[in-house]
Each structure stands twice: as C-alpha cells, then as structure tokens.
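The values are calculated or read from the model by the stated rules, or taken from the named source; none is laboratory data. None of the values given here were measured: they were computed from a predicted structure. Here the Cβ positions follow ideal geometry from the backbone for every residue, glycine too, while neighbour counts run over all protein chains shown. Only protein heavy atoms, including side chains, enter the accessible area calculation; ligands, DNA and RNA are left aside. Shrake-Rupley method; radii C 1.70, N 1.55, O 1.52, S 1.80 Å.
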Amino acid sequence: MKKRSRYKWPLAVCMIFVFSGAGAQGIFTCRAALDTIRKDGFYRIVLTPQVVAKSRVDLADVRIQSLTDKRFVSYELIDRWTTPDSQEQWLELPRAEITQKDSSNKHSYITLQYAEAYEVDRLAFLIQSPVFYKREAHVALEGGTPGEWAPFVDITLAPGKKTFDIPVVKRRRLRIDIANADNSPLVIREITGFQAAHYLVAYLQAGLAYQLLTGNAEAVTPNYDLKSFTDSLTAAPPMILPGRVEKTAVAASQPIAPAAKAGDQPSGNRQGLLLWGILFAILILLVYFSVRMVKAITQKERHDRV
C-alpha cells in the first residue's frame, strides 16, 4: 500500500495545474461578436434577448473583452436608459409558440413556449373578440417537473388594459389561466413578450475588435469605477448590437500586463503557445507517473505470486 501511495501526490499536483488555469471565477460558455469601432468614445451595447437568455438573472456574468489583448473592458450596466423614445426601453422577444385549451371548467389555459429561457418583463395581448370583456387571469411558471405550474402574478384583461408589466422571470414556458365565468372564451390572436432593455455603457477604442462574454455561473459582479464618468453623459451614446451568440470556453482570469495600444500586435498567439506548452508538459508528467505506477503494481503482483 505504501508503494502505491507515493504516486498519488504527483497526479494531484498535475490536476491542480490543469484546473487552476480556469481561474477562480469559472468559464464563460457563450460569446457574441461586436462591430468594429470606428471612433473612440462611449457606446451603448444592447443586451439582446439571446444574450440575456444565456446570462444569469442579475447579469453579473456579462463581460466585454478586447480581442487585441484579451483584457476585460470596464462598463456600467444601465436598465432602460432614460430617453424620450419609450420604444428603446423594451425589446420584443422572438415569437412564442402559443397553444390555447378552453376547458369545460370555464377556464382557458394558454401556454407560451419560447425557444430559450428568455427574460420576460412584459406581456401584450392582441384579443380579437368579444368587443366587451373583463376577465381575471393568473400567470403561472412551470416548476422543476414538466406539467407542474406555480402561481406567479395576477392580471385583469379588459379592452383598455391588454399590456402588463410583470416581475422579472426567465422561463421557456409560461401558462396563463383565464377565468371565463359564463362567458365565451376570448379569441386571442397573439401574445407578445418583451424584455426590459439592458445596456452596457463602455468607452471603446477605434480599430479594436471586441466581444461579449457570458454564461458563467461562478462569476461575480465586477466593480468598475466607470460610473463616475457615465453619470456626466448628457445624451445617450450610440448603440451597438451584438452578433449571433455562439458557444465558447473562455477563462474568467485575464492578463495583468498593460493594455496593448491600437498599433501593437495581438498577444493572444504567444499566450496560446505558452498555455499549450504547459498542458503538454503536464501530459508528459501524467504519462511518466502512470507508467511508473503500472510497473510498480506489476512487480508487486509478480512478487505476491512468488
């Protein structure tokens, strides 16, 4: 037994080196490219429903990364930027699949199913008939077990009241229970979901490429000092829409070297070669100690048979 135990510590050390590279704040699993910046200045990066769906509810795992030096860029998270145009305060969600079941118990059950667990902050109903109606309804959330629904918020549908702000929720499926009493069921043409607008206000440099990172359950909310400067903005900065959300694997740690200038060559290749060199060395150590362990076990078995 003692002969076997002496080979455990090298393997443990190797595993520590392997997993320590990910940093103390986990891995970002999703990315979205940003348009190339043409002019230095503050910009408003829109967190689209597709980005928010991959993020935590508190958006603490969203980061802006410069592709030039792999450093994170400081930002200020703004919800519903104050603007005369109220349309900018809400982002329409991709259309949900809607099914309606009019039950014999005088209730209509409407299920909304989205492609992803979008953040739903507002529901807008388009009701075809009847002309006059007033119905009590309950919005429910699907529980951990499919088919189980938990009450979430109550609403009242009426001709002058068909749009409702609801508490923040991220779900793929919602169910709306409408009490019809002795009336005919409502004929509902559409139910549109909206996400409250979230923006990252950041100072970006011309000529540099940036990307959004998210999808990290272990990340903590960053503490940037940029707020002291964004408070002085008198007008909303130009908006940037991120591209398609893609799978990735980016460590939460970042280089501590000074940020590269616009004319500097990217350091990502050197960092990549160094990382591969370390991993290759660890692999050699694992193979070496594994071979020694097998030889030791084989010799012991031969000795025991003798």
Restricting to the range 104-118, name every residue that is without any contact (Cβ under 8 Å) to a residue 24 or more places away in the chain and closer than 13 Å to Ala181 by Cβ. Asn105
Within the range 220-273, restricting to residues that are open to solvent by less than 90 Å² (accessible area, probe 1.4 Å) and in a strand (DSSP E or B), the one that is modelled with the lowest pLDDT is Ala251
Among (1) open to solvent by less than 40 Å² (accessible area, probe 1.4 Å); (2) out of contact with any Lys or Arg (no Cβ under 7 Å at 6 or more places or on another chain), there is one condition Leu213 misses while meeting the rest; what is its number? (2)
Across the range 41-76, what is the number of residues that are of a type in the set (Val, Ile, Thr) and open to solvent by less than 10 Å² (accessible area, probe 1.4 Å)? 6
For the range 88-103, give me each residue that is over 30 Å from Pro238 (Cβ atoms) and without any contact (Cβ under 8 Å) to a residue 60 or more places away in the chain. Glu97, Thr99, Lys101, Ser103
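Out of all the residues in the range 113-137, which are under 24 Å from Pro49 (Cα atoms) and open to solvent by 50 Å² or more (accessible area, probe 1.4 Å)?
Correct list: Gln113, Ala115, Arg122, Leu126.
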In this structure, is Glu148 under 26 Å from Lys106 (Cβ atoms), of a type outside the set (Val, Ile, Thr), touching a residue at least 60 places away in the same chain (Cβ under 8 Å) and surrounded by fewer than 17 Cβ atoms within 10 Å (Cβ to Cβ)? no
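Please go through the range 21-33 and give me each residue that is modelled with pLDDT of 95 or more and either open to solvent by less than 20 Å² (accessible area, probe 1.4 Å) or among the hydroxyl-bearing types (Ser, Thr, Tyr) (or both), ordered by number.
Phe28, Thr29, Cys30, Ala32
How many residues are surrounded by 13 or more Cβ atoms within 10 Å (Cβ to Cβ) and either farther than 30 Å from Arg56 by Cβ or under 24 Å from the mean Cα position of the chain (by Cα) (or both) when one looks only at the range 166-186? Break it down into steps so the answer makes sense when it comes.
Keep residues of the range 166-186 that are surrounded by 13 or more Cβ atoms within 10 Å (Cβ to Cβ), which gives 166, 169-180, 183, 185-186.
Add one more test, that the residue is either farther than 30 Å from Arg56 by Cβ or under 24 Å from the mean Cα position of the chain (by Cα) (or both), and what stays is 166, 169-175, 178-180, 183, 185-186.
Matching residues across the range 166-186 total 14.
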Expected output for the range 282-306 (first residue at pLDDT 70 or above and part of a helix (DSSP H, G or I), partner of a type in the set (Phe, Trp, Tyr) and open to solvent by 90 Å² or more (accessible area, probe 1.4 Å), Cβ below 6 Å, 6+ apart or cross-chain) is Ile282/Phe17
